[in-house]
Amino acid sequence: MHLDPLAIVTAFGLIFLAELPDKTMFASLAMGTRMRPLYVWFGTSSAFLVHVAIAVGAGGLIGLLPDWIVKLVSAALFAFGAFMLLRAGGDDGDEESETRTVTGFWPVYSTAFMAVFISEWGDLTQITTANLAASNGTWSTAIGSAAALMSVSALALIAGRFIAKRVPLKTVQRIGGLCMLGLAIWSLVEVFAA
């Protein structure tokens, strides 16, 4: 098992920025106001770990393809991610459908796990994690991605209201979109430079 610190930091940074404006962050915030935050975090973190494992596995399979194809697919996926973030409208995602309070570890854990597990399928962060795993290594990407997702969930539970009031989501989306656009261009340059 080889760990690349740069790959871990890259995965953490990209996934963290991509997940900040995501509805999952707002779902964590909403659940944290009605349920015990630590239990919510355990549930969301477990769901994120499952999704990272799935995404890294898919990325590992992509990594078996010839290098130029992987870089071309990476460029396309990063460009798609940049497009999605840059065109996003900065909606608040404040659609809170939960009206009753859930108590107890297992009910809260199950509710948080299922909310994230279902909503993250095919999500931008899952696609980005698979893409990074294909080009930067599975373990490094898994560690960086999982840490980023769990950090965003914790941030939402601890300081969610501050972020929602102080930092415009559109700004976060633009920064994440520009980072992904840069990675798309970098991947294309690597395809044609080889």
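Per-structure values
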{"read-out": "Of all accessible heavy-atom area on the stretch 1-42, the percent that carbon and sulfur account for (1.4 Å)", "value": "72 percent"}
{"read-out": "For the stretch 19-72, accessible area per residue (1.4 Å probe, heavy atoms of protein chains only), Å²", "value": "43 Å²"}
{"read-out": "Debye-sum result for the stretch 23-82 in log10 I(q)/I(0), which assumes one identical scatterer on each alpha carbon, at q = 0.21, 0.29 Å⁻¹", "value": "-0.84, -1.11"}
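The values are calculated or read from the model by the stated rules, or taken from the named source; none is laboratory data. The shown structure was predicted, so the numbers you read here are calculated from the model rather than taken from an experiment. Ligands, DNA and RNA are stripped out before the accessible areas are found, and what is left, the full protein with its side chains, is counted by its heavy atoms. Shrake-Rupley method; radii C 1.70, N 1.55, O 1.52, S 1.80 Å.
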